[in-house]
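Colleague: Here you go, one structure.
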Amino acid sequence: MYKVDLPVEQSLEKAVERRRSAETARKARIFNTRLRVMGLDLDALNQQVQEKKHQQNMEIQRGNAFDKLGEYHDKALLQQDIDEREKRAALHTDLTQYWATHQREEDSHDADLKCGLKGAFRITIPEGELGPASMKIFQGEGIGEEQRRREQMKKTDRDLRAQKEDNEKRHMGDKHREMLVSKELVHQDLRGVQQNALEGECKKAARIALDNYNQALAAERAEKLKEQHRREERENLAEMQHTLTSDMMTECAEAAKREVEGGRPPRVLVDKWKGMSPEQLSAIHREREEQRLEKQRQRDAEKIQDAAWELQLLKLSREAEEQERRAEELRREKRTQTDLYNTQLAREQQAYQEYLNKKLYTNKPSKEYFYQFNTSSR
C-alpha cells in the first residue's frame, strides 16, 4: 500500500486565513476596555436622539396645526352667529314694516269695534225707518269691552314672549348641537392625524425589522453555503482516501466474504460473489407474496368503505329530494290560498265600490241646494 501526497487546495488555506482574521478581530473587540466596560454604541445613541428630535418636531407641528384648525372653526361659528342675528333683525324689521303698512288696526273689518267706531260708516237714515236689521249696537252690549280688549292684549303679549323664549331656546339648542358637531369633527381630524402618524411609525418599524430579518437570512444563507462547501470538501477527501486504500487499488485477494468491525454483517466482494442461495430467494418470494396479499386486503377494505359511503350519500340525496318536494308542495298550496284570498278581497272591494257608486251616492246635491244658504244677514 503506497501513500500519495495530495496537494492541499487553496480553498482550505483561504478558509483557515479567514478564521484567523475573524479571531483577531474578535479579540480586539473583547479586550477593548472601553467597549467591554461601558458598552456604548454611539451610532445607535445618535440615531435615537435624532429620531426623538424628529418626533418632537412633528408633535409641535401637529399641535400648531390643531390650534389653527380650532381658531378657524371658532371664527366660522362666530361669523355664522353674527349672520344669523343680522338676518333675524332684518326679518323682524321687514315684518314690523309690513304690519305697520298693510295690517293696520283701523283698516280691519272690526275697526268699528276696536277703535270706538272711529272712521266707521254711519247711516244718516233714521233707524225707525230701516227696522231692527239696521241696528249696530243694542242696549246692554259692549259692557266690559275695554277690559276684555286689555286682557286680550296682555294674553297676546304673553304668547309673543313665550314664542320668543321658545325660539331663543331652540336657537341655543341648535347652536349647541352645531358646536358639538364641530368639536366631534375636530376630534375626528385629530384621531385621523394621530392614526396616520402611528401608521407611519409602524411601517417604519416594520421596514427596519424586515431589513434586519433579510440581513439575518442572508448571513445564515452564506454560512450554510460555507458549511455545505466544507462538507463537500471533506466528503471528496474521504472518497479519495477510500479509493486510494480500497481493495481494488491494493489488489487484495482474500475470501469472498469479509467480516466488518462493529458486529455488522459481512461485506461481499462483487468480483467473487456467486449469486443468492435458494433459501434467500424463497424468503424474498414469500415476503413479496405477503406484501401482495396485504395490499389486496387493503384494496378490498377500501372498496367496501367506498360502497358504504356511496350508499349513505345516495340515502341523504333521496331524503333531500323528498324534503325539497314537500317544501315545493307547501309553497304551491300557500300560493294558491293567497291567490284565492286576494281574489275574494278584489270581489268584495268591487262590490263595495259598486254599492257606493250606484246606491249610496246617487242623490248628488245641485247648485240650488247650496244657493238656499247664507241669503240673509242672520
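The values are calculated or read from the model by the stated rules, or taken from the named source; none is laboratory data. No experiment lies behind these values; they were computed from the predicted model shown. Backbone-built Cβ (ideal geometry, glycine too); neighbour counts: all protein chains shown.
Colleague: Could you please give the count of residues in the range 320-378 that are in a helix (DSSP H, G or I) and in contact (Cβ under 8 Å) with a residue 40 or more places away in the chain?
Modeller: Going through the range 320-378, the residues in a helix (DSSP H, G or I) turn out to be 320-360, 367-371.
Next, from what is left, pick out any that are in contact (Cβ under 8 Å) with a residue 40 or more places away in the chain: none.
Residues meeting the conditions: 0.
Colleague: Continuing with this model, one more query. Is it the case, given these coordinates, that R170 is at pLDDT 85 or above, over 33 Å from the mean Cα position of the chain (by Cα) and surrounded by 11 or more Cβ atoms within 10 Å (Cβ to Cβ)?
Modeller: Values: at pLDDT 85 or above: yes; over 33 Å from the mean Cα position of the chain (by Cα): yes; surrounded by 11 or more Cβ atoms within 10 Å (Cβ to Cβ): no.
For R170, the condition - at pLDDT 85 or above, over 33 Å from the mean Cα position of the chain (by Cα) and surrounded by 11 or more Cβ atoms within 10 Å (Cβ to Cβ) - is not met.
Colleague: Please state which one of Q188, Q194, Q163, Q147 is part of a helix (DSSP H, G or I), surrounded by 11 or more Cβ atoms within 10 Å (Cβ to Cβ) and not hydrophobic (A, V, I, L, M, F, W, C). Steps first, answer last, please.
Modeller: Details: Q188 fails: surrounded by 11 or more Cβ atoms within 10 Å (Cβ to Cβ); Q163 fails: surrounded by 11 or more Cβ atoms within 10 Å (Cβ to Cβ); Q147 fails: surrounded by 11 or more Cβ atoms within 10 Å (Cβ to Cβ).
Answer to the check: Q194.
Colleague: Separate question: Show the residue pairs meeting these rules: Cβ distance below 8 Å; 6+ apart or different chains; first residue within the range 81-97 and closer than 13 Å to N167 by Cβ; second residue surrounded by 10 or more Cβ atoms within 10 Å (Cβ to Cβ) and not polar (S, T, N, Q).
Modeller: Final answer for the pair search is E84/H171.
Colleague: Identify, from the list L269, L330, L340, L356, the residue that is within 60 Å of the chain's Cα centre (by Cα) and at pLDDT below 90.
Modeller: On the way: L269 fails: within 60 Å of the chain's Cα centre (by Cα); L330 fails: at pLDDT below 90; L340 fails: at pLDDT below 90.
Testing whether each residue is within 60 Å of the chain's Cα centre (by Cα) and at pLDDT below 90 leaves just L356.
Colleague: Continuing with the same structure: Would you check if V193 is at pLDDT 85 or above, under 25 Å from the mean Cα position of the chain (by Cα) and closer than 25 Å to I82 by Cβ? Even if it seems obvious, please write down each step before you answer.
Modeller: Numbers: at pLDDT 85 or above: yes; under 25 Å from the mean Cα position of the chain (by Cα): yes; closer than 25 Å to I82 by Cβ: no.
The answer is no for V193.
Colleague: While we're looking at this one, here's another question. Look through Q323, Q372 and report the one residue that is surrounded by 10 or more Cβ atoms within 10 Å (Cβ to Cβ) and either out of contact with any Ser or Thr (no Cβ under 8 Å at 6 or more places or on another chain) or among the small types (G, A, S) (or both).
Modeller: Numbers: Q372 fails: surrounded by 10 or more Cβ atoms within 10 Å (Cβ to Cβ).
Being surrounded by 10 or more Cβ atoms within 10 Å (Cβ to Cβ) and either out of contact with any Ser or Thr (no Cβ under 8 Å at 6 or more places or on another chain) or among the small types (G, A, S) (or both) holds for just one of Q323, Q372, which is Q323.
Colleague: A further question on this structure: Name, by its number, the condition in (1) more than 30 Å from M240 (Cα to Cα); (2) modelled with pLDDT of 90 or more that does not hold for R19.
Modeller: Only one criterion is unmet by R19, namely (1).
Colleague: Only one residue in L217, L244, L180 is at pLDDT 85 or above, closer than 30 Å to E13 by Cα and not charged (D, E, K, R), so which one is that?
Modeller: On the way: L244 fails: at pLDDT 85 or above; L180 fails: closer than 30 Å to E13 by Cα.
Testing whether each residue is at pLDDT 85 or above, closer than 30 Å to E13 by Cα and not charged (D, E, K, R) leaves just L217.
Colleague: Residues to consider are M135, M38, M58; find the one that is surrounded by 10 or more Cβ atoms within 10 Å (Cβ to Cβ) and modelled with pLDDT under 80.
Modeller: Values: M38 fails: surrounded by 10 or more Cβ atoms within 10 Å (Cβ to Cβ); M58 fails: modelled with pLDDT under 80.
Unique residue meeting the criteria: M135.
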